[in-house]
Amino acid sequence: MEDLLNAIILFSNFVLVPATAYGAQLALGALGVTLVFGILRFSNFAHGDTMAFGTMVVILVTWWFQSMGISIHPLPTALLALPFGILATIGLLLATDRLVYKFYRKQKSPPVVFVMASVGVMFVMNGIVRFIIGPNDQVFADGERFIMKARDFKASTGMAEGLTIKVSQALTLGIAIIVVIALFWFLQRTRTGKSMRAFSDNEDLALLSGISPERVVMITWIIAAALATIAGTLYGLDKSFKPFTYFQLLLPIFAAAIVGGIGNPLGAIAGGFVVAFSEVTITYAYKKFLRYLLPENLEPNSLVQLLSTDYKFAVSFVILVLVLLIRPTGIFKGKVL
Amino acid sequence: MTIHRNVLLFAGMFGLLAIVGFGQSWSVALTIFNLCLISAIMALGVNIQWGYAGLFNIGIMGFAALGGVAAVLVSKPPVTEAWGAGALGIGLAMISLGVTIAATIYARRKLTGRRRNLISFAIIIAGFFITRAIFDPAVSAIEAIEPAKTGYLGGLGLPIIVSWLVGGVFAAGAAWLVGKIALGLRSDYLAIATLGISEIIIAVLKNEDWLTRGVKNVAGLKRPVAREIELQNTDWFISMADTLGTNVISFSSIFVKLSYSLLFATVLLAILWLSEKALKSPWGRMMRAIRDNRDAAEAMGKDVTRRHLQVFILGSAVVGIAGAMLTTLDGQFTPGTYNPLRYTFLIWVMVIVGGSGNNWGAVLGGFLIWFVWIEAEPAGAWLMNAITSGMSEGNALRDHLIKSAPHMRLMVMGMILLLVLRFSPRGLIPER
């Protein structure tokens, strides 16, 4: 009985808790991609670097606050800096839209041209981020680090295994839930949100009923900027900030958006968790876990790791491929073609 | 008129290289020129996909890296001990993998309903564990053999030029796989799928030490041309340097670079000639018809998805060839150095700037952008020094600006891409 409990605690500590936090981060990222896709109808390859840009601004403001001694201990100072990051990113995205995408919208260019332009934008944003903050790792988390430490957990329960919950993980989940509720309330209840959904469903009909496309596009970029900055900051708090990692997040984020059904916000959330849980469960080494569950003579000698962690991108890719092969519209019937 | 313009553009390009030759040194100029030739071939490959058919591939890095693997696997001598220790296991694991895939496909074809998913899932799980059980011991056996020197299977010991073809075949195989999955769906899906496969290829090359030694790199590849040191001890070469009145050592390095140039230029001209032939043939007209109006072409009975697959494979094969040539020129295979900005997006800038749909444009773009990319680094550092010359020594901002100058290159390349796409989408040498 105690072995079983230990196994469950071990599994929660290394799989459930980290994967839930990671899933929430991916879900926020995928929501941004899916919204831009729904309204502007192209896959925004610059989203990863938008996240990097927003996080960079948050980090810079955090450092400034720290130097002035402003803090909201036990919470990380980055939360206080978050609104500034969001504002800066909104400015950046609106400027890119005006300078880059608007022209192609007027021209009614095919989606692939938008995609290509977004690749150019990605390049420029990547350059800006590396130019300002450099290509290296930056740690900016401060305040209390743990809600529950493994040692305290062991002491209070008397179990052999400990459970750690980081502040960043709890924050990620809490903020993600608030953001998602706010977003859905906005899309379902407000006039602007309804006009956005109408525009996404049928552009011509929306135009006929007097919805201003430029306004819808503007609001989409604003929401995308907020989502990207929040997702990027939470990811950075939980792990660390490195521009190249944010570029690489693009693949799991796209996989999440497509698995859920691209263009469908609910799907993006589900997709985020599907990708995160697959990635973590497949790259976790089950040796210790199985040792608790199996009788002694069956204990494994190897790590019992399905795939090494270096292949976590392969997991997103395989999920992507399976969806494209079996159900290109995704779980929640997003757009296809 | 346009012909004159194009000749002028190419003359200008060679003029730039000549300036480097006279200004810096001919050795530097030839180094740039050789990489220009390889870049031009890569750009041709991408142009076949984008210019002929409108396929957006952002996994060029992966296909180029597959070419690099080919250079290792073809030219390195086999490590006999490692073959004895683990080749059988690796072979069996590959067979087991193949059987698993075949069984899954068979099950999915034959069964229906809920049983179909359950049974194919069971086959995949069982196949995975059986394969791993054979594969893992074989890998550790191979990697245990002199890990500091070899620790991998080695190659076939053939001349490295053969690898250029093999690299093309490897890339074509990967392209077939990706194309089968992603073509025929939304155009963005191909982009996402190629991005994914390229990241995975690099991850595999970095981690599968038994195949490529991973991040331990494979150095000292064979060369298709003579080594400098051999030339310096050859009589005819010394006498030739004498008659030209140059230093033997510097002449040998230039001679080697020129031999590479000759090889690369031959490949470039061959591929260029074939591409031009293909573009002007009925096949080329059909491809452009599909690109410009897919529905109309489909209504005329063209199998669009198949044609796309074909052109995607061809273009990737060309990129693979260029990737193998690049590794040959480097003389070593270093999986850690592949990064998407240098190997994917730079090539895209070449194609867009040169003129998508025009092979000559792609070649010019390859030359010009590589030249700019190389010369932008000293230029950027110089510019930053000039801008910050007014600031005092040790100023934090000054240090930061000078240190960050290399990252300007990314921004400049992105800007060039966006500006050309916006104001001159047809590029320097537009499609006729």
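The values are calculated or read from the model by the stated rules, or taken from the named source; none is laboratory data. What you see is a predicted model; the values in this text were computed from it and never measured. With ideal geometry, Cβ positions are generated from the backbone for all residues, glycine too; neighbour counts draw on all protein chains shown.
If the condition is being modelled with pLDDT under 90 and among the polar types (S, T, N, Q), then region A:1-42 contributes A:N6, A:S12, A:N13.
From the list A:F65, A:F103, the one residue that fits, being in a helix (DSSP H, G or I), free of Cβ contacts under 8 Å to residues at least 40 places away in the same chain and in contact with a Lys or Arg (Cβ under 7 Å, 6 or more places away or on another chain), is A:F103.
So is A:I128 at the interface with another protein chain (Cβ under 10 Å from one of its Cβ atoms), over 23 Å from B:L195 (Cβ atoms) and either surrounded by 17 or more Cβ atoms within 10 Å (Cβ to Cβ) or free of Cβ contacts under 8 Å to residues at least 40 places away in the same chain (or both) or not? Even if it seems obvious, please write down each step before you answer.
Working: at the interface with another protein chain (Cβ under 10 Å from one of its Cβ atoms): yes; over 23 Å from B:L195 (Cβ atoms): no; either surrounded by 17 or more Cβ atoms within 10 Å (Cβ to Cβ) or free of Cβ contacts under 8 Å to residues at least 40 places away in the same chain (or both): yes.
Judged against the criteria, A:I128 is not a match.
Scan region A:147-162 and give yes if some residue there is in contact with a helix residue (DSSP H, G or I) (Cβ under 6 Å, 6 or more places away or on another chain) and in a strand (DSSP E or B), otherwise no. The answer is yes; a qualifying residue exists. Of the helices (runs of 4 or more DSSP H) that lie entirely inside region A:235-337, those containing 3 or more residues that are under 14 Å from the mean Cα position of the chain (by Cα) and not charged (D, E, K, R) span A:243-248, A:250-260, A:265-283.
Of all residues in region B:162-219, those being outside any helix (DSSP H, G or I), among the charged types (D, E, K, R) and within 14 Å of chain A (Cβ to nearest Cβ) number 2.
Within region A:135-164, the set of residues being over 28 Å from A:V57 (Cβ atoms) and surrounded by 15 or more Cβ atoms within 10 Å (Cβ to Cβ) comprises A:M148, A:K149, A:A150, A:F153, A:K154, A:M159, A:E161, A:G162, A:L163, A:T164. Looking across region B:168-187, just one residue is in contact (Cβ under 8 Å) with a residue 60 or more places away in the chain, more than 24 Å from B:A70 (Cα to Cα) and of a type outside the set (G, A, S), and that is B:L183.
With the structure loaded, tell me whether A:V121 is at pLDDT 90 or above and within 8 Å of another protein chain (Cβ to nearest Cβ) or whether it fails that test. Taking the combined requirement at face value, the residue satisfies it. Of the set (1) surrounded by 15 or more Cβ atoms within 10 Å (Cβ to Cβ); (2) among the hydroxyl-bearing types (S, T, Y); (3) free of Cβ contacts under 8 Å to residues at least 12 places away in the same chain, all apply to B:S261 but (3). Within region A:71-87, the set of residues being over 21 Å from the mean Cα position of the chain (by Cα) and surrounded by 13 or more Cβ atoms within 10 Å (Cβ to Cβ) comprises A:S71, A:I72. Scanning region A:215-265 for residues that are free of Cβ contacts under 8 Å to residues at least 24 places away in the same chain and among the charged types (D, E, K, R), which turns out farthest from the other protein chains (Cβ to nearest Cβ)? Applying the filter and picking the extreme gives A:R215. How many of the residues making up region A:131-143 are within 21 Å of the chain's Cα centre (by Cα), within 9 Å of chain B (Cβ to nearest Cβ) and among the hydrophobic types (A, V, I, L, M, F, W, C)? The total comes to 0. Among the residues of region B:151-161, those that are assigned to a loop (DSSP other than H, G, I, E, B) and crowded, with 18+ Cβ neighbours inside 10 Å comprise B:G151, B:Y152, B:L153, B:G155, B:I160. Checking A:D201 against (1) modelled with pLDDT of 90 or more; (2) under 21 Å from A:G330 (Cβ atoms); (3) over 12 Å from the mean Cα position of the chain (by Cα), which single condition isn't satisfied? Going through (1) modelled with pLDDT of 90 or more; (2) under 21 Å from A:G330 (Cβ atoms); (3) over 12 Å from the mean Cα position of the chain (by Cα) one by one, A:D201 breaks only (1). For region A:88-99, a residue qualifies if it is within 12 Å of chain B (Cβ to nearest Cβ) and crowded, with 20+ Cβ neighbours inside 10 Å, and exactly one does: A:T96. Find the residue count for region A:84-116, including only residues that are touching a helix residue (DSSP H, G or I) at 6+ places or on another chain (Cβ under 6 Å) and closer than 25 Å to A:V167 by Cβ. Qualifying residue count for the region: 5.
The number of residues in region B:211-254 that are without any contact (Cβ under 8 Å) to a residue 60 or more places away in the chain and not polar (S, T, N, Q) comes to 19.
At least 2 residues being in contact with a Pro (Cβ under 9 Å, 6 or more places away or on another chain), away from chain A (no Cβ under 12 Å) and not hydrophobic (A, V, I, L, M, F, W, C) is the threshold, and among the helices (runs of 4 or more DSSP H) wholly inside region B:341-432 those reaching it are B:359-387. Could you please find all residues in region B:12-50 being under 20 Å from B:P378 (Cβ atoms) and among the small types (G, A, S)? Scanning region B:12-50 gives B:G15, B:A18, B:G21, B:G23, B:S25, B:S27, B:A29, B:S39. Report yes if some residue within region B:343-357 is of a type in the set (F, W, Y), modelled with pLDDT under 90 and under 30 Å from B:G21 (Cβ atoms); otherwise report no. Among the residues of region B:343-357, at least one is of a type in the set (F, W, Y), modelled with pLDDT under 90 and under 30 Å from B:G21 (Cβ atoms), which makes the answer yes. Out of the residues in region B:292-319 that are within 19 Å of the chain's Cα centre (by Cα) and among the β-branched types (V, I, T), state the one that is surrounded by the most Cβ atoms within 10 Å (Cβ to Cβ). Top of the filtered list is B:V319. Condition test on A:L250, is it out of contact with any Leu (no Cβ under 6 Å at 6 or more places or on another chain) and buried (at least 19 other Cβ atoms within 10 Å of the Cβ)? Considered against the rule, which asks whether it is out of contact with any Leu (no Cβ under 6 Å at 6 or more places or on another chain) and buried (at least 19 other Cβ atoms within 10 Å of the Cβ), A:L250 comes out as yes. What do you reckon, is A:A81 under 20 Å from B:H407 (Cβ atoms), touching a helix residue (DSSP H, G or I) at 6+ places or on another chain (Cβ under 8 Å), aliphatic (A, V, I, L, M) and away from chain B (no Cβ under 14 Å)? Against the criterion (under 20 Å from B:H407 (Cβ atoms), touching a helix residue (DSSP H, G or I) at 6+ places or on another chain (Cβ under 8 Å), aliphatic (A, V, I, L, M) and away from chain B (no Cβ under 14 Å)), A:A81 does not qualify.
Out of A:G54, A:G38, one residue alone is buried (at least 20 other Cβ atoms within 10 Å of the Cβ), under 24 Å from A:R197 (Cβ atoms) and not aromatic (F, W, Y). It is A:G38. Based on this model, can you work out whether B:G12 counts as part of a helix (DSSP H, G or I) and under 30 Å from B:T305 (Cα atoms)? Judged against the criteria, B:G12 is not a match. No other residue among A:V323, A:V304, A:V315 is farther than 29 Å from A:F244 by Cβ, within 11 Å of chain B (Cβ to nearest Cβ) and not polar (S, T, N, Q) apart from A:V304. Checked against the criterion of being closer than 30 Å to B:A191 by Cβ, touching a residue at least 24 places away in the same chain (Cβ under 8 Å) and crowded, with 18+ Cβ neighbours inside 10 Å, region B:96-119 has at least one qualifying residue. All of B:L279, B:L274 fail the test of being of a type outside the set (S, T, N, Q), surrounded by fewer than 21 Cβ atoms within 10 Å (Cβ to Cβ) and in a helix (DSSP H, G or I), apart from B:L274.
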